[in-house]
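Working notes, beginning with the structure itself.
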Amino acid sequence: MAQTTFDEDDLFEEATQEMQAEVDDALARARDAVPDTDTVLTAEEDDLGAILNALSSTLATEEIETALEDAQKAFVLGQRADAFDDEYITKTQAAIETLTETVDTLHAIDAAATDLTEALTRFETIDAMPQGDTETADTTPRGDESPPESDSEDTLTETTSE
């Protein structure tokens, strides 16, 4: 009975190819999950609040982040095993960095959209206040009310007369 032998170099080469395929597949999934510019910039709604809500849902980054994390795990493992050549390492590091920056940008856009939505809500609340309701809207003193007295004049007089 002949026994098949496995050459360690062949096994390592096969494992390297599988690891590269895993990294490349995860990076492709991350790229595919990034919304294209037309999707982000096109609005089918007429209401700004609805547009901002649609934008926030378009900018979901969980899928990108998961795929990017998968790519980084396999990449680090292969890199520490010294399985990748320098060209692949450089190309993959650049792809990971670009996708990381993309995720950061999407988070910044989403945060800005959220801030704008909140500001619009506050504006709508203020705009909806009845015109005669000055109790909460106007807290500045009127002409017949004198401003609170300040000790600054007394302090200034005492300081200069010494």
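Where a number appears in this text, it was derived from the coordinates with a stated rule and is not lab data. Model, not experiment: these values are computed from the prediction. Note that each Cβ is placed from the backbone with ideal geometry, even for glycine, and that neighbours are counted across all protein chains shown.
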Any chance you could list the semi-axes, whole Å, largest first, of the equivalent ellipsoid that the Cα gyration tensor gives for segment 15-126, using √(5λ)?
38, 12, 10
Just the number: Rg to Rh for segment 2-55, Cα atoms, Kirkwood Rh, two decimals.
1.50
Other-chain or far-sequence residues with amide H under 5 Å of Leu59's (modelled H):
none
Please report the net charge: other residues with Cβ closer than 14 Å to the Cβ of Thr121, K and R +1, D and E -1.
-4
Sparse-neighbourhood loop hits (chymotrypsin sites (Phe, Trp or Tyr not before Pro), segment 1-104; DSSP loop; Cβ within 10 Å at most 16 others) -> Phe6
